[in-house]
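Coordinate-derived values only; no laboratory data. Treat the numbers as computed from the prediction; the structure is a model and nothing was measured. As a convention, Cβ positions derive from the backbone with ideal geometry for all residues, glycine included, and neighbour counts pool all protein chains shown.
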Amino acid sequence: MKKKNLWTLLAAIATVFATTMATSACIYYFYQPEEPESLKDL
């Protein structure tokens, strides 16, 4: 029974970690750097 509780706890921690990583990735996704002048002519 203890082994099942350990896997449940590990799954919960992994879910929280994955959610945190996905949220921070979405923040960086919306960052749009300024376009260099040399590329504006293309």
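Filtering the stretch 23-31 for residues that are over 12 Å from the mean Cα position of the chain (by Cα), in a helix (DSSP H, G or I) and surrounded by fewer than 10 Cβ atoms within 10 Å (Cβ to Cβ) leaves an empty set. The numbered conditions (1) under 27 Å from the mean Cα position of the chain (by Cα); (2) part of a helix (DSSP H, G or I) are all true for K4 except (1).
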